[in-house]
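Chemist: I have a structure here, written as structure tokens, and I will follow up with some questions on it.
The values are calculated or read from the model by the stated rules, or taken from the named source; none is laboratory data. Every value quoted in this text rests on a predicted model; they were computed, and no experiment measured them. Quick reminder, even Gly has a Cβ in these numbers, built from the backbone with ideal geometry, and neighbours come from all protein chains shown. Note: areas computed on protein heavy atoms with side chains; ligands, DNA, RNA excluded. Shrake-Rupley method; radii C 1.70, N 1.55, O 1.52, S 1.80 Å.
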Amino acid sequence: SLSKLQLKTGDLDPRLFSRLRHLQKLDLSDNLLDKFPNSLTLPDLRVLNCNNNKLEDVTALKQFPLLEELTYENNVYLTLNDDYKVMFLLQNLRLLNGKDITKLANHVRRVNSNKLTSKVTAHWKKFFSDQLPEKYTAEQVKSIGKKFLKSVQTNVVYGPSSLSEFTRWRVKMIAEEFLANSLGLELNSDTEPEEKTDENEEESTESPREAAEDMAPVGDFSSYIGSVTVTPSKRKRNHSKSSPGNKRSKTQANTEEEAEEDVSAEPLHFLQCHSKGNSREDFKTQLWSCVFEPVLDSGARKDPIVSSSRTVATCGGESVCLIDCETGTVLKKYKVATEEFFSVAWTTLTMVISDSRKKAHNILAAAGRRGIVKLIHVAADFCYGEIKAHKKPIATVCFSPTQETHLFTASYDKRIALWDIGIPDCDYNFKASQLLVLETASIPLRIALVPTCPEQYLLAGCEDGCFAWNIKLDKGQKSRPFEAIFQFPGEESLTTSHRVDGLAFLNDDVVVSKSSKPGCIYLWSWSKSFDAKGKGCQRTMSAVILAELEWSTTDMSYLTLSTCPAKEYVFCGDEKGSVWMYNLSTYTRGWGSPKGKRSERRISPTQILTWPELRVNGEQPPEILVNNVVADPAFTYLVVLTSVNITAIWKKS
């Protein structure tokens, strides 16, 4: 027994352990191990206990082939996928975490393996066998082998999505064996343990230590709303703006003509996961902000297959949720009883874990009415700290794309603050400091860093106009007035005074902003509008308009817009539950040229996704406002946040 000795991985010396030829039972519970060294060589080991450690990977356990009983409970980074890996790797395993797994393990080793092998072989025959010429060189084989490995991991799917990481791992293994046996090709598979993708469908439990103050993960998720009916015709049909039939038909018409229409997105899930007190009757909680989790660059995440995350953080009311868009599973939920969350943002911090090894982890910042920023280490289910940033509510937060610890908070106190949140050590101690305060003339609603110079300029849409600040840190002055205010075409003349409640960059130069002028979203050029050479503060500059987008004529405020730069799309919801989508790829090149001219007429939406005929317990929800709509970077999913506590997830078809 080597339990409770604060042991780290480096303390398990292979030279010592390899002499224990007859050791059968080993207890390493309640230590600080994050992995097993590969060469412990305990040839007779039958029982292993590693509960309450920090293990991140199980593949090294294959060095104990006679293992019959294994427990590794309370290792927060291990998931269901790891259970399946050890069942496959350890042929003699009978008990896993106290449960008899003989039957399931046989299924994993035989049925699952046979199914995947036939799928891998079929994929080769269908897509790759013809690509090899009769006489081929080693180089050609290697090139096709690499393409096959990449393709097969993307396209061969089997079993529930909660096991997708295990399936990918097995498919890669089977494909490599197949290539070695049929073509004599050895592609060195990288032996580094894979980065965990936290796809655990189990409900998340309390964090391993007391959650900071009053914020804790919650294990009781209301997910799907009541009984939901989506009228088939609505699933089929998402009207383009030009389509005359833009009325909400209650009929279930299903004509050939409709079936042939180009459907760009299908409604996938409707979730009610931000309810106050988990009440099914809550159709009042407003949902405000959602951001897709960034993909970590290390381990398996280098893999292009997982280059676009399907996990999204959403906030509204007293809670922050993490949702798997494909399955509609609420993976995690954090609650603060006295809070109303308005904004969430992700960053990736390189944290030092045991043995002084560095590892990238995603951190989520959440803020709202109390003016406090909560910092959550998501993989560990732990809210490790908070920053009392403002005395008034925080409208929005965002991280710098270049300085991962730099966080901007925009508050109702008419200030935008820049914080360095620091990097937590292995005990989650961290030091936050305020670097800068930007004075705003009115309440800031949306902020955006200029993509070509994110450490120099910040743009904000405020209650009374659109402003820019110089945020360069070497200027000494900690509190700064705005550098520029932008003029836009008003009802009769140019105006600076208007509420700007939507603001985002479409690419390095094109700004998309929405103001209180009904029915219109502006696209304008940052480089042509902002005069960096002029001296002095608080200068008025005219926004050089490139185009106007046609949008709802509502005078309702705070329905914000978003962009998907990689696909050159703009999204904006309206007061009727619809999402207006604009594909601007045909325009951007023209705007970017030196002679780039303004598009004379308003650009209509490429498509309007109308809210489906959704019935909750037999009734339609009341008036539905779309407060926010966000696509993942690859535009696979579209997450729609409403004023009636419903998160709608659409999938691009």
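Chemist: Hey, among 630, 570, 626, which residue is surrounded by fewer than 23 Cβ atoms within 10 Å (Cβ to Cβ), hydrophobic (A, V, I, L, M, F, W, C), modelled with pLDDT of 95 or more and within 29 Å of residue 543 (Cβ to Cβ)?
Modeler: Just one listed residue meets the conditions, 630.
Chemist: Can you report the number of residues in segment 575-603 which are within 20 Å of residue 652 (Cβ to Cβ) and not β-branched (Val, Ile, Thr)?
Modeler: The total comes to 8.
Chemist: Another question, if that's okay. Residue 439: open to solvent by 20 Å² or more (accessible area, probe 1.4 Å) and either without any contact (Cβ under 8 Å) to a residue 40 or more places away in the chain or closer than 22 Å to residue 486 by Cα (or both), yes or no? It would help to see each step written out before you state the result.
Modeler: Details: open to solvent by 20 Å² or more (accessible area, probe 1.4 Å): yes; either without any contact (Cβ under 8 Å) to a residue 40 or more places away in the chain or closer than 22 Å to residue 486 by Cα (or both): yes.
Considered against the rule, which asks whether it is open to solvent by 20 Å² or more (accessible area, probe 1.4 Å) and either without any contact (Cβ under 8 Å) to a residue 40 or more places away in the chain or closer than 22 Å to residue 486 by Cα (or both), residue 439 comes out as yes.
Chemist: Follow-up. With respect to the numbered conditions (1) within 16 Å of the chain's Cα centre (by Cα); (2) among the β-branched types (Val, Ile, Thr); (3) surrounded by fewer than 18 Cβ atoms within 10 Å (Cβ to Cβ), which one is the sole condition not fulfilled by residue 350?
Modeler: (1)
Chemist: Next question. I'm checking my understanding of the structure. Among residues of segment 406-436 that are in a strand (DSSP E or B), free of Cβ contacts under 8 Å to residues at least 40 places away in the same chain and in contact with a Ser or Thr (Cβ under 6 Å, 6 or more places away or on another chain), which one is nearest to residue 371 (Cα to Cα)?
Modeler: My answer is 417.
Chemist: Output the residues belonging to segment 530-587 that are within 13 Å of residue 607 (Cβ to Cβ) and acidic (Asp, Glu).
Modeler: The one that is within 13 Å of residue 607 (Cβ to Cβ) and acidic (Asp, Glu): 550.
Chemist: Please work out which residue is modelled with the highest pLDDT, limiting yourself to segment 136-178 and to residues that are aliphatic (A, V, I, L, M) and not in a helix (DSSP H, G or I).
Modeler: 156
Chemist: Now a separate question. Of the conditions (1) open to solvent by less than 70 Å² (accessible area, probe 1.4 Å); (2) out of contact with any helix residue (DSSP H, G or I) (no Cβ under 6 Å at 6 or more places or on another chain); (3) farther than 14 Å from residue 170 by Cα; (4) modelled with pLDDT of 90 or more, residue 99 clears all except one; give me its number.
Modeler: Against the list (1) open to solvent by less than 70 Å² (accessible area, probe 1.4 Å); (2) out of contact with any helix residue (DSSP H, G or I) (no Cβ under 6 Å at 6 or more places or on another chain); (3) farther than 14 Å from residue 170 by Cα; (4) modelled with pLDDT of 90 or more, residue 99 comes up short only on (1).
Chemist: From the set of residues in segment 393-436 that are aromatic (Phe, Trp, Tyr) and farther than 22 Å from residue 484 by Cβ, which is modelled with the lowest pLDDT?
Modeler: Applying the first criterion (aromatic (Phe, Trp, Tyr)) to segment 393-436 yields 399, 408, 412, 419, 428, 430.
Within this subset, residues satisfying the condition of being farther than 22 Å from residue 484 by Cβ are 399, 412, 419, 428, 430.
Details: 399: 97, 412: 96, 419: 97, 428: 86, 430: 91.
The selected residue is 428.
Chemist: Looking at segment 491-502, is at least one residue surrounded by fewer than 21 Cβ atoms within 10 Å (Cβ to Cβ), closer than 30 Å to residue 384 by Cβ, assigned by the TED database to the domain that holds residue 603 and out of contact with any His (no Cβ under 6 Å at 6 or more places or on another chain)?
Modeler: no
Chemist: Can you tell me which residue among 277, 328, 299 is at pLDDT 90 or above and on the phi > 0 side of the Ramachandran plot?
Modeler: Being at pLDDT 90 or above and on the phi > 0 side of the Ramachandran plot holds for just one of 277, 328, 299, which is 328.
Chemist: Inspect all residues belonging to segment 577-592 and state whether any of them is in contact (Cβ under 8 Å) with a residue 40 or more places away in the chain, closer than 22 Å to residue 494 by Cβ and of a type in the set (Phe, Trp, Tyr).
Modeler: yes
Chemist: In addition: Can you pull out the residues in segment 118-146 that are basic (Lys, Arg) and loosely packed, with under 13 Cβ neighbours inside 10 Å?
Modeler: Result: 125, 126, 135.
Chemist: Within segment 548-568, identify whether any single residue is among the small types (Gly, Ala, Ser), more than 26 Å from the chain's Cα centre (by Cα), assigned by the TED database to the domain that holds residue 630 and part of a strand (DSSP E or B), and answer yes or no.
Modeler: Scanning segment 548-568 turns up no residue that is among the small types (Gly, Ala, Ser), more than 26 Å from the chain's Cα centre (by Cα), assigned by the TED database to the domain that holds residue 630 and part of a strand (DSSP E or B).
Chemist: Looking at (1) in contact with a Gly (Cβ under 7 Å, 6 or more places away or on another chain); (2) at pLDDT 90 or above, find the lone condition where residue 195 falls short.
Modeler: (2)
Chemist: Another question about this same structure. Quick check: anything in segment 366-373 without any contact (Cβ under 8 Å) to a residue 60 or more places away in the chain, under 16 Å from the mean Cα position of the chain (by Cα) and crowded, with 20+ Cβ neighbours inside 10 Å?
Modeler: Yes: one or more hits.
Chemist: Anything in segment 444-462 that is touching a residue at least 24 places away in the same chain (Cβ under 8 Å), open to solvent by less than 40 Å² (accessible area, probe 1.4 Å) and assigned to a loop (DSSP other than H, G, I, E, B)? List them, or say none.
Modeler: Across segment 444-462, the qualifying residues are 450, 454.
Chemist: Looking at segment 147-169 only, could you name the residues that are open to solvent by 70 Å² or more (accessible area, probe 1.4 Å) and more than 17 Å from residue 310 (Cα to Cα)?
Modeler: Within segment 147-169, 147, 150 meet the criteria.
Chemist: Report yes if residue 403 is in a strand (DSSP E or B), open to solvent by 50 Å² or more (accessible area, probe 1.4 Å) and under 25 Å from residue 375 (Cα atoms), otherwise no.
Modeler: Working: in a strand (DSSP E or B): no; open to solvent by 50 Å² or more (accessible area, probe 1.4 Å): yes; under 25 Å from residue 375 (Cα atoms): yes.
Taking the combined requirement at face value, the residue does not satisfy it.
Chemist: Just one of the numbered conditions (1) of a type in the set (A, V, I, L, M); (2) modelled with pLDDT of 95 or more; (3) over 25 Å from residue 417 (Cα atoms) is not true of residue 313; which one?
Modeler: The single condition residue 313 does not satisfy is (3).
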